[in-house]
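No value in this document is a laboratory result; all are computed from the given coordinates. Every value quoted in this text rests on a predicted model; they were computed, and no experiment measured them. Don't worry about glycine lacking a Cβ; one is built from the backbone with ideal geometry, like all the others, and counts go over all protein chains shown.
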Amino acid sequence: MGLLSHLTHPKGKIWITLDKATFQEGEAVAGKVNIEAEEYIQSKGVKVEARVVESWNEMVWVTLPNNQRFQENQRRTNNLYQRDVVIVGPTDFGKGPAQTFPFSVGIPPCRATRGGSSVQNLLKAVLETHGRPDLTNETQIAFVPAGAYGSPMNVGYGPGPMPAGYGPNPGYQPNPGYGMPPMNPGYQPYGQQGYGVPPPQQQAPSVKVRCKYCTGLMDASATNCPTCGAHQ
């Protein structure tokens, strides 16, 4: 090992695999820390660092060495929550297949404390070494509000009590004609007289008389004969 080896990271990699893609708020985050060494590594231990970080942009004054001042947009961060969980104590890792260590850590729901800021839930896997930079890898955790999925009352999200009226339920009796208008007296199906269709008009029979000039038949209410045109 060279004189500058204490400045270089150990040859290997570390990463986190989660048991599922999203977790409900208040639910413990479970997964595995995976370590694959490509050389002999003496470690002081392996841990998972849980962080909830709020970040935002802020305009700040910057002073140059020549005392010139100007405003600059800088990214600011603030830890809303932090917790370190030791997964395994001092361990030596040799070159070979990846080793896996399960973990579970709780991250409480945290909300932004200022307008325009964003909140990230982070997990960092850390392999601490003796006299050399640590091996690290960070991943972001996705949370959904409690009850957003997996609720026993949501259809299609697992077994749970079924609300009355949506399946076999002793004592449940559907009303006759469910989903149809009540059968009021005089109710007629659509398309029949009495429901959207006016009743046929009853026309009085036509009375015929003879023209006093040509004796042709004509309506009694006509003022002129349709045959000879004589005024009646």
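Taking amide H positions as modeled 1.01 Å from N, with prolines and chain starts lacking one, the residues under 5 Å from Gly45 and 5 or more places away or on another chain are Thr91, Glu128. Taking amide hydrogens as placed 1.01 Å from N in the peptide plane, the amide H of Val144 sits under 5 Å from those of Phe23, Gln24, Glu25, each at least 5 positions away in sequence or on another chain. Karplus-derived 3J(HN,Hα) values for segment 31-47, using 6.51 cos²θ - 1.76 cosθ + 1.60 with θ = phi - 60°, are x, 9, 9, 10, 10, 10, 8, 10, 7, 6, 10, 8, 10, 8, x, 10, 9 Hz; glycine and proline are entered as x. Inter-part distance, segment 17-82 to segment 215-232, computed on C-alpha centroids, equals 106 Å.
Please compute the length gained on full extension between Cys228 and Arg76, using 0.36 nm multiplied by the number of residues separating them and subtracting their Cα-Cα distance.
So the chain would gain 44.0 nm between Cys228 and Arg76.
For the residue pairs Lys20/Lys44; Lys95/Lys124; Lys44/Lys124, the C-alpha atoms sit more than 20 angstrom apart in Lys20/Lys44; Lys95/Lys124. May I ask you to list the residues of segment 72-86 whose amide nitrogen lies under 17 Å from a point 7 Å from Cα along the Cα→beta-carbon direction of Arg114? It comes to 72-81, nothing else.
Its Cα centre serving as origin, segment 65-116 has a Cβ charge dipole (Lys and Arg +1, Asp and Glu -1) of approximately 340 debye.
Database remark: amide H of Gly12 closer than 5 angstrom to the amide H of Glu38 (H placed geometrically; neighbours at sequence offset of 5 or more, or on other chains; Pro and chain starts carry no H).
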